Ligand code: FAD
């Protein structure tokens with residue numbers, strides 16, 4: 001068995017692996033796709049101390065840093081179940097899709113999350129070419145330009161307020177007849193001069209010139225008419241889904257499916273820790289996930305040194 005078995009090889013899992021391995025304990029990391037969401041992004045300009053990098057480059061650095069240590073990297077392995085130990089100090093088991101079972105005296109879960117997509121023509125084709133999912137990350141790339149935010153929940157309205165301070169104009173598009181964000185956010189949004197709110201609207205297509213986004217089309221659901229909006233960017237804010245379906249009821253999840261953790265990365269099960277976008281940590285960012293991964297590894301080490309010797 002591993003002393004620390006990590007599931008997920010994004011920024012959180014990589015940081016956890018480095019911190020665990022540096023304690024000289026047996027560390028393994030299983031990942032469906034080492035690198036995680038970082039692989040899907042191009043410009044990264046908020047990875048503190050690195051002014052500019054690209055996702056695939058950062059992912060390669062994550063992996064080469066982990067490989068500096070004696071860590072068992074099991075890439076392209078998808079976990080399908082977690083069976084927590086029945087007693088404190090017992091082994092936790094993780095089943096893989098290929099039928100193998102891994103076990104750990106502690107487990108760190110860092111399976112990350114995925115942005116819910118609209119699933120309309122043009123969305124995939126123009127990803128990173130005008131279609132974006134993270135206003136904290138990509139907002140400044142649209143300075144002085146026109147953008148749309150899709151989704152009128154808290155994240156959509158927060159994104160629209162945030163972007164309105166950077167870009168020239170924001171069109172917020174909501175499917176329902178009303179926005180669902182908190183009233184205080186809606187009031188703030190309504191006070192901004194460069195925001196237009198469109199409700200009862202279904203986005204049907206992202207359009208472009210082959211290189212970059214040039215607009216979007218939405219259907220007015222009340223009048224069944226199509227409308228075009230000329231713009232340079234589309235921020236999709238219809239939900240971030242944690243990759244936790246496979247955990248079933250093995251540990252406590254929030255109503256949104258996020259793994260409940262405390263400030264040391266403890267989950268509801270002793271000896272099982274979690275970090276990154278899959279958890280209740282409110283801010284989903286690379287540096288935040290790395291900090292959480294190191295926290296979880298140090299907490300796992302703390303847990304191990306208190307267990308009876310093997
Ligand atoms: P992830 O990166 O999601 O990694 C999860 C890992 O778990 C992956 O290895 C995955 O394959 C694995 N996994 C999932 N399920 C299983 C399973 N069942 N079994 C085994 N392995 C599994 N953040 C910034 O700070 N700056 C940016 O500029 C930025 N830009 C972004 C642009 C885009 C397009 C996207 C999508 C995100 C961006 N982010 C950015 C957010 C950032 O990528 C995430 O906050 C960060 O990657 C979260 O790290 P994580 O380790 O928690 O999860």
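Just so it is clear, none of the values below were taken in a lab; they were calculated from the coordinates. It should be emphasised that the depicted structure is a prediction, and the values quoted were computed from it without experimental measurement. As a convention, Cβ positions derive from the backbone with ideal geometry for all residues, glycine included, and neighbour counts pool all protein chains shown.
At-a-glance table
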quantity: Gyration tensor (alpha-carbon) shape descriptor, the range 20-63, a/c threshold 1.5; calculated: oblate
quantity: The chain: calculated mean residue ellipticity at 222 nm from DSSP helix runs of at least 4, using -39500 (n - 2.57); calculated: -6500 deg cm²/dmol
quantity: Segment residue 200-residue 67, length gained on full extension (0.36 nm per residue, minus Cα span); calculated: 42.8 nm
quantity: Equivalent ellipsoid semi-axes, the chain, via Cα gyration tensor eigenvalues times 5, rooted, Å; calculated: 40, 20, 17
quantity: Cβ-based exposure ranking for 226, 298, in which fewest neighbours within 10 Å come first; calculated: 226, 298
quantity: Order of 74, 290 under a 10 Å beta carbon neighbour criterion, fewest first; calculated: 74, 290
quantity: Part-to-part distance (alpha-carbon centres) for the range 127-179 and the range 266-301, which is given in Å; calculated: 28 Å
quantity: FRET efficiency for residue 98 and residue 245, using Cβ-Cβ distance with R0 set to 22 Å, rounded to 0.05; calculated: 0.75
quantity: Cα gyration tensor shape for the range 230-300, rounded if a/c is under 1.5, else prolate or oblate; calculated: oblate
quantity: Of 113, 59, 250, the one that fluctuates the most in a GNM where the chain has Cα springs shorter than 10 Å; calculated: 250
quantity: Alpha-carbon Rg/Rh ratio, for the range 117-236, with Rh computed the Kirkwood way; calculated: 0.94
quantity: Fraction of beta bridges assigned by DSSP in the chain that are antiparallel (%, nearest 5); calculated: 45 percent
quantity: Cα gyration tensor, the range 161-310 - rounded (a/c under 1.5), prolate or oblate; calculated: prolate
quantity: Rounded to 10°, Cα long-axis angle of helix 286-304 versus longest principal axis of the chain; calculated: 20 degrees
quantity: Fully extended contour minus Cα-Cα distance, from residue 302 to residue 78, at 0.36 nm per residue; calculated: 77.9 nm
quantity: Residues 92, 263, sorted so that the one with the fewest Cβ neighbours within 10 Å comes first; calculated: 263, 92
quantity: Using alpha-carbon coordinates, inclination of helix 11-21 to the longest axis of the chain, degrees; calculated: 20 degrees
quantity: For the range 92-108 and the range 12-56, distance of Cα centres in Å; calculated: 21 Å
quantity: 0 to 90° range, to nearest 10: angle between helix 55-67 axis and the chain longest Cα axis; calculated: 10 degrees
